[in-house]
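Reviewing the structure listed below.
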Number of protein chains: 2
Amino acid sequence: MLEQTIENRMSAIYNVDTSSLSRKQLAMRDREKELLEIARDVVMREGFAQLTMDKVAAASSYSKGTIYNHFNSKEDLIAALAIEALSRELPMFKRSLAFDGSSREKCIAMHAGYFVFSQLEPILSMCAMVSRTPAVTEKSAPERLQKLNELEEIAVSIGDAFIQNGINSGELVLNPGVTSDNVVFANWAMGFGTNALVHNAEHSTCVSRQLNHNIVLQNINFLLDGLGWKPLSTEFDYEQTWARARKELFSEELALLGQEA
Amino acid sequence: MLEQTIENRMSAIYNVDTSSLSRKQLAMRDREKELLEIARDVVMREGFAQLTMDKVAAASSYSKGTIYNHFNSKEDLIAALAIEALSRELPMFKRSLAFDGSSREKCIAMHAGYFVFSQLEPILSMCAMVSRTPAVTEKSAPERLQKLNELEEIAVSIGDAFIQNGINSGELVLNPGVTSDNVVFANWAMGFGTNALVHNAEHSTCVSRQLNHNIVLQNINFLLDGLGWKPLSTEFDYEQTWARARKELFSEELALLGQEA
DNA sequence: ACCTGAACACCGTTCAAGT
DNA sequence: ACCTGAACACCGTTCAAGT
């Protein structure tokens, strides 16, 4: 039932009835995708500081005016890249719900997916982080921010499904006063915080000196142990879960990275 | 012994031998502080998007050229604001080491301090977050980033002192394979992630709907429970610890906020 | 109706001239 | 030696003209 609402909400966003769109609108949608890829490539080659609307226009076959037809400011473009990031992450999260394993293993598979995506698309991931930053929110279109918020809400309902799984199986028992929303938020905060710090490890000696082992999994395990989510990390080998999730759920993404799962 | 090194490192940064500085250098230092405050006020009044070097110059009694004498780019100015944030947070963290309570209570007091500071100085806190963003790191002065890194290292050694406290008291026992660095990092990631998301709660329905209770403390307790740090949150009232830390350690800061501890 | 790119305005950054 | 602010260059944004 809960999964049904996820299905509906995702479908409303992903399976837009193309027949209801005019040819122009379809072309518009394709062009936007094209522009986003160009923007991402500019950042990849030259860095965020070098991302200019001129460069995006020059690298595309369109004029600056047309770019502004899609994005009402540079920050709006970055928010659009964040939307691209989230829309590609959500299906990976959803896939993890069907991962073959305990409720906690499924949850860990989701975090593995988040990490795989951040490696596959570091720039889009960075945009998703930066999109929570005032410089961006102050200048992007309200409709854009609303769409970002909608996707975030879907992410939360998917997150909630993992928690419900745990509760239903009896492997997760919430203390009184703790809601499933709280647990989703805690997972989100830990995932976000860890990935944000790891992303900037190059600038930070104290982070980079622990990158030799799986720090993301370790942090998630600290949290899930704290929730008492059975089996605890002392009772089960979640390194193996992590590796298995990479192989069974995300091998396509990893192949693009040239990494074996 | 460990505390001694913290003392030394902080002293090297905070208690600069003023007699070794020429009058000019002292004036330079004061002016930099003045400029930082002006920049913060511009952001406070008009938002990050409206922060320009012109406005900072106009609001000060100096010319644009002099501003560039201090900060070699706008991003460098933001990094300097991040340094201001960290240098004011570190003494608050250090104060928490002397908090009257168990090793875990001390650690929670530190997180309370982090939260108080983020309320007292939301813009400086935001700068500390944004300073980990490529747009800033790509353009700020290497020496500035190095200073930021030094402060971060001190923060990590202070964090380490909390963990050592726990280990020495026997209230915290690390599982094999877990280092004290890892635990510091986990606390950092959770604190950073939670505060980052809470900061943007206005834009996010799923975060803002849980702001009615102490979500920061809850997340930290999940983590510390996961580390097995005694007494667990089920055995002890850390809400009271949080409140007490506010009163006993941070009442000055809270007074500035006009909040009673 | 939409696309274009010249034009504009703003702002980051520099530097010759001044003290 | 340092400060100044005019000058410059770049880039975000707009809009009259074109199709």
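The values are calculated or read from the model by the stated rules, or taken from the named source; none is laboratory data. Every value quoted in this text rests on a predicted model; they were computed, and no experiment measured them. Cβ placement follows ideal geometry from the backbone for every residue including glycine, while neighbour counts extend to all protein chains displayed.
Summary of computed values
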{"read-out": "Pick from the range A:168-178, criterion within 9 Å of chain B (Cβ to nearest Cβ) and modelled with pLDDT of 95 or more, ranking: surrounded by the most Cβ atoms within 10 Å (Cβ to Cβ)", "value": "A:Val178"}
{"read-out": "Given (1) facing chain B (nearest Cβ under 8 Å); (2) touching a helix residue (DSSP H, G or I) at 6+ places or on another chain (Cβ under 6 Å); (3) in a helix (DSSP H, G or I), number of the condition A:Gln210 does not satisfy", "value": "(3)"}
{"read-out": "Flag if B:Ala189 is over 18 Å from B:Ile108 (Cα atoms) and either charged (D, E, K, R) or part of a helix (DSSP H, G or I) (or both)", "value": "no"}
{"read-out": "Every residue from the range B:190-207 that is within 7 Å of another protein chain (Cβ to nearest Cβ) and modelled with pLDDT of 95 or more", "value": "B:Met190, B:Phe192, B:Gly193, B:Thr194"}
{"read-out": "Tabulated pairs, the range A:115-135, first in contact (Cβ under 8 Å) with a residue 12 or more places away in the chain, second not in a helix (DSSP H, G or I), C-beta under 6 angstrom, 6+ apart or interchain", "value": "A:Val116/A:Phe250; A:Val130/B:Thr133"}
{"read-out": "Candidates A:Glu32, A:Glu46 - the one that is among the acidic types (Asp, Glu), within 14 Å of chain B (Cβ to nearest Cβ) and within 16 Å of DNA strand C (Cβ to nearest atom)", "value": "A:Glu46"}
{"read-out": "Candidate set: the range A:114-164, residues that are of a type in the set (Ser, Thr, Tyr) and in a helix (DSSP H, G or I); chosen: the one nearest to the other protein chains (Cβ to nearest Cβ)", "value": "A:Thr137"}
{"read-out": "Some residue of the range A:56-78 being within 14 Å of chain B (Cβ to nearest Cβ), in contact (Cβ under 8 Å) with a residue 24 or more places away in the chain, hydrophobic (A, V, I, L, M, F, W, C) and within 14 Å of DNA strand D (Cβ to nearest atom)", "value": "yes"}
